[in-house]
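These notes concern the structure reproduced below.
The values are calculated or read from the model by the stated rules, or taken from the named source; none is laboratory data. A quick note: this is a predicted structure, and the numbers were derived from the prediction, not measured. Virtual Cβ from ideal backbone geometry, glycine too; neighbours counted across all protein chains shown.
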């Protein structure tokens, strides 16, 4: 993914919400937009970019705040997905093991 393009798009979203008088609400709306409409890989790339200290140079302050909010949420989302996936994998393995067993007579 081209991080420059992701930053450009995120900054465009931030510019839309920047005039809002309530900056906390604007930050929440930017984070909500990124959460709802961006692929997790894009969000992760942007979070990693901002976390690497690049926020001061190319990411708008409002966007940097929103990305920090996302960064707090992302680990919980990943953990939830991992636990759900492992539960599905366990159920699939149990069904597969049961399918090969001889029926009780």
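To keep it simple, each residue is scored yes or no on (1) modelled with pLDDT of 65 or more; (2) within 16 Å of residue 3 (Cβ to Cβ); (3) under 13 Å from the mean Cα position of the chain (by Cα); (4) exposed (fewer than 10 other Cβ atoms within 10 Å of the Cβ).
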residue: 42; (1), (2), (3), (4): yes, yes, yes, no
residue: 71; (1), (2), (3), (4): yes, yes, yes, no
residue: 87; (1), (2), (3), (4): no, no, no, no
residue: 94; (1), (2), (3), (4): no, no, no, no
residue: 103; (1), (2), (3), (4): no, no, no, yes
Exercise. Tell me which residues, restricted to segment 32-48, are free of Cβ contacts under 8 Å to residues at least 40 places away in the same chain and not in a loop (DSSP other than H, G, I, E, B).
Key: 32, 33, 34, 35, 36, 37, 40, 43, 44, 47, 48
